[in-house]
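The values are calculated or read from the model by the stated rules, or taken from the named source; none is laboratory data. Bear in mind the structure is a predicted one, so any value in this text is a computation, not a measurement. Note that each Cβ is placed from the backbone with ideal geometry, even for glycine, and that neighbours are counted across all protein chains shown.
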Amino acid sequence: MPVIRVGGDLAYTTASPLRTEVDRELRAGPAVLVLDFADLQFIDSTGLSVIVHAWRAGQQEGVTLRLCAVPRFLETILDMTGVTGLLARPVSGDGPVTTGPDGQPTATA
């Protein structure tokens, strides 16, 4: 299972290399692709769009996207924008959705 580590700022000026790496990993056809945000310091809307792109492209290729080590600020952004619910959707569209203790869909693994 490939893991892409995302650190520092994920913003307009830095998002393109991540998108390129996501696309490269998805072409290899893994069952699961993990984005590790342990070292993330900042994200803007362009960075958020790369996460959505990874999910969408993964859906088309039958790849599950998992996020790990999600910092609190990113968790809040994902929740506020509805991306958490999007990420919780199963690839096939017919499996169970994983939820956390609060009943909310979870995007972390």
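Before moving on, here are some points about what is shown:
- The listed residue being in contact with an Asp or Glu (Cβ under 8 Å, 6 or more places away or on another chain), among the aliphatic types (A, V, I, L, M) and either at pLDDT below 95 or surrounded by 15 or more Cβ atoms within 10 Å (Cβ to Cβ) (or both), out of 6, 34, 50: 6
- In the range 8-24, the residues that are more than 14 Å from residue 40 (Cβ to Cβ) form Cβ pairs under 6 Å with partners that are of a type in the set (A, V, I, L, M) and modelled with pLDDT of 95 or more, at six or more places apart or across chains, as follows: 19/50; 21/4; 22/54.
- Selection within the range 66-108 - polar (S, T, N, Q) and either modelled with pLDDT under 50 or exposed (fewer than 11 other Cβ atoms within 10 Å of the Cβ) (or both): 92, 98, 99, 104, 106, 108
- Leading residue by the ranking (farthest from residue 81 (Cα to Cα)) among those in the range 1-56 that are out of contact with any helix residue (DSSP H, G or I) (no Cβ under 8 Å at 6 or more places or on another chain), aliphatic (A, V, I, L, M) and not in a strand (DSSP E or B): 28
- Failed item in (1) touching a strand residue (DSSP E or B) at 6+ places or on another chain (Cβ under 8 Å); (2) of a type outside the set (Gly, Ala, Ser); (3) modelled with pLDDT under 95, with residue 13 passing the rest: (1)
- The set of residues in the range 29-58 that are among the small types (Gly, Ala, Ser) and more than 12 Å from residue 70 (Cα to Cα) comprises 29, 31, 45, 47, 49, 54, 57, 58.
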